[in-house]
Amino acid sequence: MAGKKWTEAELMTVLGVYCRLTFGQLSQTNQLIRDVAERLDRTPSSVAMKLTNLASLDPAITSTGRKGLPGASALDRKVWADFSSNTETWMPIIENRLDELLGDQGAAEAPGTDTPSDVDYSGSDVLTMAKRRQGQRLFRDAVFTAYQFRCCITDIADTRLLIASHIKPWREDKANRFNPGNGLCLSALADRAFDQGLISLSDNYEVIVSSVLKAQSENKYIHNMFCANEGRAIRMPEKFRPAKEFLAWHRENLFLG
């Protein structure tokens, strides 16, 4: 296996592993890495090294002073760029490759996924929903691991109460439905409030509370969950930082002010 060149397909598969693990799990001893390495006929250390090469290309990693290995190849950079610019295409493909490689069943909808409530079940949306089943689980994994399985506003850490929420809703932006940079890990209640425009985030990732909720601040639950958090920075993800362009869209189009 020494000197064996990486292919684009292999790198995309490893990028799927990156979506499924936290930064701290990028070790050759991790079982998922070991399983993928075996099936790719590579060593766990080579897969772990490639994961840290890819991590070195993630601005959310490098902006905090953490570093992956600095030896990212031209192909690594191409794969990262292709994935980042076209997650709608690549997320379903990568998830399907991982399922085939690892023998995952993966057919059931993962708990805690936000199901779009306004899909037009005709024409292309029927195909979209079929495609969604091949990409939404990996999107969820990427968001949950990015936030280390905690709500970025309330710090709730029970995955049964968490949602991989879209900043710019599913119905509004087909190109970014599977983009982890369009995701936030939120508790179910925070997700609902965000989706309804009752809360939003500033470009500095600080919580903004609408006047509608502020008018109910005498309710201790509303106060403790939302009003008390106004102006506080969210728990930042360790990878796939939320894009400011999506936050701006949310403030301008959904937030009630």
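List of remarks:
- Any hit, region 102-112, residues being at pLDDT below 95, crowded, with 18+ Cβ neighbours inside 10 Å and either within 19 Å of PHE144 (Cα to Cα) or not basic (Lys, Arg) (or both): yes
- Residues located in region 139-154, provided they are over 11 Å from ALA190 (Cα atoms) and open to solvent by 10 Å² or more (accessible area, probe 1.4 Å): ARG140, ASP141, GLN148, PHE149, ARG150
- Pair list, Cβ under 9 Å, 6 or more apart: region 202-225 residue under 27 Å from GLY181 (Cα atoms), other residue in a loop (DSSP other than H, G, I, E, B) and of a type in the set (Lys, Arg): TYR205/ARG241; GLU206/ARG232; VAL207/ARG232
- Looking across region 33-62, the residues that are over 20 Å from the mean Cα position of the chain (by Cα), in contact (Cβ under 8 Å) with a residue 40 or more places away in the chain and open to solvent by 30 Å² or more (accessible area, probe 1.4 Å) come down to ASP35, ARG39, ASP41, THR43, SER46.
- Region 160-191 - residue that is in a helix (DSSP H, G or I) and of a type outside the set (A, V, I, L, M) and, of those, nearest to ASP141 (Cα to Cα): PRO180
- Leading residue by the ranking (farthest from GLY103 (Cα to Cα)) among those in region 12-59 that are charged (D, E, K, R) and not in a helix (DSSP H, G or I): ASP58
- Exactly one residue out of ASP203, ASP195 is closer than 22 Å to SER84 by Cα, surrounded by fewer than 22 Cβ atoms within 10 Å (Cβ to Cβ), in contact with a Leu (Cβ under 8 Å, 6 or more places away or on another chain) and at pLDDT 95 or above, and it is ASP203.
The values are calculated or read from the model by the stated rules, or taken from the named source; none is laboratory data. Being a predicted model, the structure only gives us computed values, none of them experimental. Neighbour counts run over all protein chains shown; Cβ positions are idealised from the backbone, glycine included. Accessible surface areas use protein heavy atoms only, side chains included; no ligands, DNA or RNA. Shrake-Rupley method; radii C 1.70, N 1.55, O 1.52, S 1.80 Å.
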